[in-house]
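Note sheet for the following structure.
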Amino acid sequence: MECLHKRPAALGFFVAALFGCTAAASESMEPPVLVMYENVGMTGRSVTYSGAVADIDVRYPFHSVSVKSGRWELCTRNDFKGACMDVDAEAEVVSLKKEFGMFARVRSIRPALEAVAARAVAPAPEIISPPAAADAPALTPVASAEAVLRGHSAHFFRTPMFDGEAIDADDKDAVRNFCREAGFNEVEFSEAMLRAGRSVVGDLLCADPRRSLQ
């Protein structure tokens, strides 16, 4: 480290400087630790993580986070995909919904150093240009949960989007989570559409709003 190259005049000062640098180096080598909380403002039930998790299997969503050591990457999809953000050591995110959006949910996490290493060895993606669809309708994102009429027993969504992306037609869990985040318990009907060679949910009917959101 830089401080090891300094030459103090007194031996005592040299020992103190060396000890300080050793302590700083030890602190920088602390294992990464992150705590996820059920509620905003670092309150409610919590889970502590010390390594990468590609699929967070917790029944309730996390709404805030506190990084105890290391730098972490948080992502809204499994396997470190979707929208991702880095959080520095000793930093806190009071509201994850405010950072990621109303329908977002942190589903995978990993230390930032692991993320950098994974990107360095990952092969370059093969780019395939699908045939252009002449009359394909534009994707229309859902604005927010406030746009849903809470008093109604069902709501129809055209080309719903989750975490800023159209939902894969065969991803039943994402379809179900979309309805739940919008305030409904059940998926009454969904129909697939082909968009740029990809099968996505085109029409979705969510029904039966949860009591807690009425």
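FYI, it's all coordinate maths here, none of it is from the lab. Nothing here was measured: the structure is a model prediction, and the numbers come from that model.
Stretching Phe189 away from Ala117 to a fully extended chain increases their span by 21.7 nm, per 0.36 nm per residue minus the current alpha-carbon distance. Karplus-based coupling profile of the stretch 191-196, in residue order and whole Hz: 9, 7, 9, 9, 10, 6, with θ = phi - 60° in 6.51 cos²θ - 1.76 cosθ + 1.60 and x standing for Gly or Pro.
Potential lengthening of the chain between Phe156 and Glu90 amounts to 19.5 nm, from the contour at 0.36 nm per residue minus the alpha-carbon distance. Debye sum, Cα scatterers, the stretch 33-118, no solvent: what log₁₀ I/I(0) at q = 0.14 1/Å? These q points yield log10 I(q)/I(0) values of -0.39.
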